[in-house]
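Here's the structure, in C-alpha cells; my notes come after.
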Amino acid sequence: MGDATTAGRPETATAPESTEPVPPGLDEAGLRLDVDGAVATVTLNRPERRNAMTFATWRGLAAIGRSLPAGVRVVVLRGEGPSFSAGIDLGMFSGGGGGEGFTDGSDAEGTDRFIAGLQEGYTWLRRPDIVSVAAVHGHAIGAGFQLALACDIRVIAEDAKFCMKEPALGLVPDLTGTKPLVELVGVGRALELCLTARTVLADEAARIGLAETVVPRDGLDGAVRDLAEALLAVNPGAAAATKRLLWQAAENTLDEQCAAERREQIGRLREVFGS
C-alpha cells in the first residue's frame, strides 16, 4: 500500500452519475477538494505528517471520484506542505491510522474486497472523460508514488523524490502502481526500483519516463496551471476518445488498434458534422 517516514488501467473506469461536489468527511481523511469550472484540484492535506495516508484517505479519494461534477475535465493531485506524500501513515501498523490497523489476511475474500475498495481511490483517475495530472514536489513514497503513477501526466518539481518502499516493509505495492510502473520504465527497472527501495530524484525520473516535465519548485503551480489550460483548449469529445485510444494501444494488435481508431473516428465525425 505504501510507506512513510514518520514525518494498469481498469477497463471499467467510467464516469459516475452523481454530481455532488464535496463528499463528506474529507477533512478527517486529510483531503481537500476545490472545483474551479472544469478543473478539480485534490489536495493531500496533512502537512504536519507530510501527507501520510490512511485507509480514510484512500476511501476519501474514492468518494471524490464517485462524486466528481460532470463538467470537470482536468483533475490535479497535489500535496500541501513540504511533500507530495510520505506514503502510508506508519501508525497504521499499530492500529493508529484513524483507528484502523492491518488485517492479518486470514479472511482472503474479505481482505480482497477491502483492498479493492482502497484501490478505487486510484482507478478513477484513468477515466477517459478526465485528464489527471500529478503535481509532485518533495517526497512521493509508496502509496504517494503510486498515486502519482495513477495519473495520466506527472509534472514534478526539481526537489521531487520517488521511492517504492512496500517490499522493504514486507508488503507489495497494491494501490494499482505496478502496472503503470512497468509500462513506464520496463520490468527490469521496475524490479530494481521496488526491491532496492532506492530514491529516484527528479532528473532521473524524467530520464526514465516517470515524469513528463520537471520545473523549478516555485514554478510548479504555474506549470500545472498552464498545462490545464492547454488541455481544456481541446474539444472534450476528441480528448476522451483520444485517451481511450492511447490507453488501449499497448495491449492491442495493430489490426485491433486500427479498428479502434475507425470506431472512435466514426463517433467524432457524427458529432462534428451532425450526422
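The values are calculated or read from the model by the stated rules, or taken from the named source; none is laboratory data. All values derive from a computational prediction rather than experimental measurement. Positions of Cβ are backbone-derived with ideal geometry, glycine not excepted, and every protein chain shown enters the neighbour counts. Accessible surface is based on the protein model in full, side chains and every heavy atom, while ligands, DNA and RNA are left aside. Shrake-Rupley method; radii C 1.70, N 1.55, O 1.52, S 1.80 Å.
Residues checked against (1) loosely packed, with under 14 Cβ neighbours inside 10 Å; (2) within 22 Å of the chain's Cα centre (by Cα):
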| site | (1), (2) |
| --- | --- |
| Arg207 | yes, yes |
| Leu210 | no, yes |
| Asp218 | yes, no |
| Leu227 | no, yes |
| Ala233 | yes, no |
| Arg244 | no, yes |
| Gln248 | no, yes |
| Ala260 | no, no |
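Looking only at residues in segment 40-63 that are open to solvent by 30 Å² or more (accessible area, probe 1.4 Å) and outside any loop (DSSP other than H, G, I, E, B), the one that is modelled with the highest pLDDT is Thr41. Being in contact with a Phe, Trp or Tyr (Cβ under 8 Å, 6 or more places away or on another chain), over 21 Å from Gly30 (Cβ atoms) and charged (D, E, K, R), is that true of even one residue in segment 107-127? Yes, the conditions are met somewhere in segment 107-127.
Residues in segment 19-39 that are open to solvent by 50 Å² or more (accessible area, probe 1.4 Å) and part of a loop (DSSP other than H, G, I, E, B) were compared, and the one that is modelled with the lowest pLDDT is Thr19.
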